[in-house]
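The next block holds one structure in the form of structure tokens; read it before the comments.
The values are calculated or read from the model by the stated rules, or taken from the named source; none is laboratory data. Note that this is a predicted model, so its numbers are computed, not measured. Because the Cβ atoms are built from the backbone with ideal geometry, glycine has one as well, and the counts that use them run over all protein chains shown.
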Amino acid sequence: MNAATGPSAGPPQAGPGPLGGPDGVPAGRGADTSPILQVEDLSIALPSGGDRATAVRHVSFSVGRGEIVCLVGESGSGKSVIAQGVMGLLPRQLPVTAGRILLQGEDITHAPLSRLRELRATRMSMIFQEPMTALNPVMTCGDQIDEVLAEHTRLSPAERRAKVRAIIEEVLLPDPDRMMASYPHQLSGGQRQRIMIAMALVLEPVLLIADEPTTALDVTTQKQVLELMLQLQRRHGTGVLFITHDFGVVAELAHRVAVLRLGDLVEVGSKHDVLQRPQHAYTKMLIGAVPTLRLHERPLDAQAPVVLAVRGLEKTYLDKSWFGKARSVHAAQDVHFEIRRGQTLGIVGESGSGKSTVARCVVRLIDPTGGEVRLYAPRSGPAARPAPQGGSTGPAEPDPVEGYDEIAKLSARALRPLRRRVQIVFQDPYRSLNPRRTIAEAMIEGPVNYGMARAQALDKARDLLQLVRMDASAMDRYPHQFSGGQRQRLCIARALMMDPELLVADEAVSALDVSVQAQVLQLFEEIRARLNLAMLFITHDLRVASQVCDFLAVMSKGQVVEYGPAHQVFSAPRHDYTRALFAAAPGKDFAFGA
């Protein structure tokens, strides 16, 4: 495949590079320095009646051979629209109204569908954000990779199978034969993303577009996937357009960075120039919102009453099979922790470590197999138990404290009066709100079910909307009329309608871009301080945990391997797993400037 000629993209300056590699663009296949992708003065329209006329307006940038260009910006800035435009996936409602898209010098802006099909997978490929929606659930992973080869090559079935097996080995998946025979739901998130990478690279395209491919992954899996992408990109000399809102990933991966704001390209340059010496006010705002591993240490009341105490929590699933014996899966084993009023406990760990299982056991969305979940009665006197010590794997066994409910063993009927005292904010605000109900109806449902008068509940909803900095006019609107950050604020307000004593946030900011994430984190902190709530904060983002958590529990394979004050765990981790987790945090050593 020969590259078409075009104007030179100009290689970046040499210097320290991503994941320990060079910052200069590798030569890749030959010494051709012409751009693989050129986006020239591109404008893409939005349907009439929107908040602006164009999704993208007069955007120009290029991607060179072997170069990684990161496209960053808030949700709605036009990042994914550009990616879809390059791949020819734009719906009719979003037409290209100006400019050109050149792939190796060929203008594909208005190419017919037949030509675009020829180019996809062979010269340009895309890795999507969520592999579970991008992969076909009723086809094995091997068949899905084979489908690419069957469509675009004349290889025999045996040759295709050998090539499928080879690419699965190249993306470092264990037991290639088993992976080929597995369906997507039988693999972990990281394994599914590797299958997506294998599908994208099996025909060695010159351009790879990665649209938020690591957003939903924990830090260790994310690091593995990023290192894998970087190795394959260097090996094949592929140009990469990487779309992300994670500036830690940008710091690790990028050669150049392009910043989008409401469809306008406001800044473009080398990674070090943009991230350390930003020129545009919007870029400075984004970088200023990037969470860092800043130790969160504030004065704590060691005598604050205990709100929740978990003792020896167990959750075991039986993996039943039609053939053979049932297999026990220990999602949580002997978990101990406690949370005091006005304090935040964070639980961190990889996907599958048991974080969300513990949260759902606490809220009793699932029933624990064993152990105790004690919800203590509100009281004004001092608690008898001491604060946990740093580096331990659990809190000290407390002295007896009067007045608690053992909610792990209560029946559904007995549990109902206590549910209002523990509320949860989920990860995905798009699925947490009923799309057919107005915000007012969603917010007052809980209090009205517990006996509050409708008029009183509506007044309370208006007050809480003000607390989460939302206008009262939101009451009569529907969830689809709000952005992701606004929906998460509404979910927080809905949880506070029940006057909870314990608020559980299960990955509540992981899907948000950095600026909205910073606002929601600040909101959580203000609510905790103002209402003196106890909070259980589940996250895989260590930078987020360092900012909001007073205490930290690190989980691995269902067990708490380290527990203590957050500043002690972050500054002097004692367990090897904790140290490995911190070492995998992207961009942890990069000096961002704003």
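Look through 100, 117, 92, 154 and report the one residue that is surrounded by fewer than 16 Cβ atoms within 10 Å (Cβ to Cβ) and at pLDDT 95 or above.
After applying the criteria, what remains is 100.
Please note which helices (runs of 4 or more DSSP H) are completely contained in region 66-161 and include at least 1 residues that are in contact with a strand residue (DSSP E or B) (Cβ under 7 Å, 6 or more places away or on another chain).
By residue number, 79-87, 113-119.
Please go through region 325-340 and pick out each residue that is touching a residue at least 60 places away in the same chain (Cβ under 8 Å), surrounded by fewer than 19 Cβ atoms within 10 Å (Cβ to Cβ) and out of contact with any Gly (no Cβ under 9 Å at 6 or more places or on another chain).
The answer is none; no residue qualifies.
Residues that are under 23 Å from the mean Cα position of the chain (by Cα), outside the structural domain of residue 421 (by TED's automatic domain parsing) and at pLDDT below 80: which helices (runs of 4 or more DSSP H) entirely in region 215-312 hold 1 or more of them?
Per the criteria, 219-236.
Residues are listed down the side, and each one gets a yes or a no for (1) under 30 Å from the mean Cα position of the chain (by Cα); (2) on the phi > 0 side of the Ramachandran plot:
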residue	(1), (2)
104	no, yes
110	no, no
117	no, no
131	yes, no
158	no, no
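Of the residues 533, 521, 502, which single one is within 19 Å of the chain's Cα centre (by Cα) and more than 28 Å from residue 270 (Cβ to Cβ)?
Answer to the check: 521.
Against the condition among the polar types (S, T, N, Q), touching a helix residue (DSSP H, G or I) at 6+ places or on another chain (Cβ under 8 Å) and touching a residue at least 40 places away in the same chain (Cβ under 8 Å), how does residue 233 come out, does it pass?
no
From the list 520, 509, 516, exactly one residue is surrounded by 18 or more Cβ atoms within 10 Å (Cβ to Cβ) and outside any helix (DSSP H, G or I). Which is it?
Exactly one residue qualifies, and that residue is 509.
Restricting the first residue to region 486-508 and requiring it to be at pLDDT 90 or above, which pairs with a second residue that is assigned to a loop (DSSP other than H, G, I, E, B) meet a Cβ separation below 6 Å and a spacing of at least six or different chains?
Short answer, once both residue conditions are applied: 492/468; 493/468; 498/420; 500/421; 501/421; 503/533.
When you check residue 474 against the structure, is it over 16 Å from residue 446 (Cβ atoms) and either assigned by TED's automatic domain parsing to the domain that holds residue 436 or within 27 Å of the chain's Cα centre (by Cα) (or both), yes or no?
yes
Show the residue pairs that are 6+ apart or on different chains and have beta-carbon atoms under 6 Å apart, the first residue being within region 352-377 and touching a residue at least 60 places away in the same chain (Cβ under 8 Å), the second being polar (S, T, N, Q) and crowded, with 19+ Cβ neighbours inside 10 Å.
If the second residue must be polar (S, T, N, Q) and crowded, with 19+ Cβ neighbours inside 10 Å, the pairs left are 353/556.
Identify all residues within region 574-594 that are in contact (Cβ under 8 Å) with a residue 60 or more places away in the chain, closer than 24 Å to residue 313 by Cα and within 24 Å of the chain's Cα centre (by Cα); write none if there are none.
Result: 581, single match.
If I filter region 456-484 down to residues being in a helix (DSSP H, G or I) and in contact (Cβ under 8 Å) with a residue 40 or more places away in the chain, which single residue comes out as nearest to residue 545 (Cα to Cα)?
This residue is 484.
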